Amino acid sequence: MITAESFGKTKDGRKVTRFVITNQKGARLALLNYGAIIQEVSVPDKNGVLTDVMLGFDDIAGYEVNRPHFGAVIGRNGNRIAGGKFTLNGQEISLAVNETARGNNLHSGPDFYEHRMYEASVNEKNDCVSFRLDTPDGDQGFPGRFTVTVTYMLTAENKVKIHYEGSADKDTVANMTNHSYWNLNGESDGSVMDHLLEIRAQSFTPVDAAAIPTGEIKPVEGTPFDFRSAKPMSRDAETDCEQLKITSGYDHNFVLDGDGLREVASVTGEKSGIVMRVLTDLPGMQLYAGNFVNVEKGKGGKPYGPHAGLALETQYHPNSVNIPAFESPVLKAGERYSTTTCYQFGLA
């Protein structure tokens, strides 16, 4: 079942609609046409209590600021591009340097996709809502007119499926992701550092002082980044490790095992018993432990502090447009951009 309701108006008077998909088990997925944002994911815990596991806001005013990017679609390019520059077809492309302390372009900002109004369409038969965005040549500094549709589905098995599909009329970069923050004990329960995390990755991409991958692919074995067996995120988080010092905690990309749509990670709420499994067809995934989250008023008026949620952002590796050894995020003119990521919820 899909319902639509008002979520207020933006400061400039645009009407925002909240679409709520509810499945046969009572699980709920709420979406906004503002930013194609995921506003809520509620699933049953071990006691059958419906629990909202996604950090966010109760009103549109919160999302109009939204410095942590709660629930946001990120595009055209997620993560960092060093110096805000890359070369494509012999032409140097310059983007805004909005991560000023490090000199990078971050999440294609500052004109983020999460602050755009999307054209929404509802498919009742398949329990999905699609959001379409058409961006002009030169938008955010990227070449080519790029049109993309983000489709969300909630299945009977409590799987949230996100499918991105689009094309451009010039060669461009397409590396979209979702920046949801998860707390599987409940969105305002406190730190997630005791969540059990498993990541199916033999390697990660270490970063330099600007948090840009060095180009090296390093084995996780013997490092704090070894999540091949589930462990509390806190276990190695205080290790004397230069990589963790650079980013003040986990904020790193993992080189995922396998290819095609496959399970790449799982997270378990140590109190709720809720398990979230991540599936994707992309080569990388950023683990961000919410090191710098600082929100005075989240849902229910409650504050969110550091580590209040973790993000698992599926992606092409950061700065891959500048690192030939990494799989390229370049989308050729006229070709189809298509990628899928799923978050499957169950119990331990």
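Miscellaneous remarks
- Along the axis of the charge dipole computed for segment 172-263 (Cβ charges of +1 for Lys and Arg, -1 for Asp and Glu, origin at the Cα centre), the listed residues Ser188, Val173, Cys241 are led at the positive end by Val173.
- Note on segment 216-348: with charges restricted to the Cβ of Lys and Arg (+1) and Asp and Glu (-1), its dipole about the Cα centre is near 560 debye.
- Distance between modelled label sites at Asp58 and Asn322, nm, 7 Å Cα→Cβ extension: 4.3 nm
- For Ala96 and Lys11, the FRET efficiency from 1/(1 + (r/R0)^6), where r spans their Cβ atoms and R0 equals 30 Å, is about 0.85.
- Per-q log10 I(q)/I(0), segment 271-332, q = 0.14, 0.16, 0.30 Å⁻¹ (Debye; single scatterer per alpha-carbon; no solvent): -0.63, -0.74, -1.19
- By definition, a body whose alpha carbon gyration tensor gives a ≥ b ≥ c is oblate when a/c is 1.5 or more and a/b is not larger than b/c, and segment 56-150 fits this oblate description.
- Gyration tensor verdict on segment 1-84 (Cα atoms; rounded if a/c is under 1.5, prolate if a/b is larger than b/c, oblate otherwise): oblate
- Theoretical FRET efficiency, 1/(1+(r/R0)^6), r = Cβ-Cβ of Asp171 and Leu261, R0 35 Å, to 0.05: 0.85
- Largest GNM mean-square fluctuation among Gly90, Gly166, Gly78, using the chain with Cα springs under 10 Å: Gly90.
- Efficiency of FRET between Lys85 and Gln24 - r from beta-carbon atoms, R0 41 angstrom, step 0.05: 0.25
- Taking 32 Å as the limit for the C-alpha separation, the pairs Lys245/Lys271; Lys85/Lys218; Lys170/Lys299 exceed it in the case of Lys170/Lys299.
- Solvent-accessible surface of segment 125-235, averaged per residue with a 1.4 angstrom probe and all protein chains in place: 36 square angstrom.
- Per DSSP, loop GluC sites (Glu not before Pro) in segment 247-316 with at most 15 further Cβ within 10 Å: Glu270, Glu296
- A DSSP coil position with no more than 16 other Cβ atoms inside 10 Å describes the following chymotrypsin sites (Phe, Trp or Tyr not before Pro) in segment 223-294: Phe292.
- With every protein chain in place, the chain: carbon and sulfur % of accessible area (1.4 Å): 47 percent
- Pairs from the list Lys125/Lys161; Lys15/Lys125; Lys25/Lys302 with a Cα-Cα gap above 18 Å: Lys15/Lys125; Lys25/Lys302.
- Estimated [θ] at 222 nm from DSSP helical runs (n ≥ 4, -39500 (n - 2.57)) normalised by residues in the chain, nearest 500: -500 deg cm²/dmol
- Pairwise Cα distances in the chain exceed 31 Å in 28 percent of cases.
- Dipole magnitude of the chain, debye to nearest 20 (Cβ charges: Lys/Arg +1, Asp/Glu -1, about Cα centre): 600 debye
- Net charge, Lys271 excluded, C-beta distance under 12 Å - Lys, Arg +1, Asp, Glu -1: -3
- Label-to-label distance, Val49 versus Arg235, with points set 7 angstrom from Cα along the beta-carbon direction: 2.8 nm.
- Cα centroid separation, segment 254-293 to segment 295-348 (Å): 10 Å
The values are calculated or read from the model by the stated rules, or taken from the named source; none is laboratory data. Being a predicted model, the structure only gives us computed values, none of them experimental. Quick reminder, even Gly has a Cβ in these numbers, built from the backbone with ideal geometry, and neighbours come from all protein chains shown. Side chains included, ligands, DNA and RNA excluded: accessible areas come from the protein's heavy atoms. Shrake-Rupley method; radii C 1.70, N 1.55, O 1.52, S 1.80 Å.
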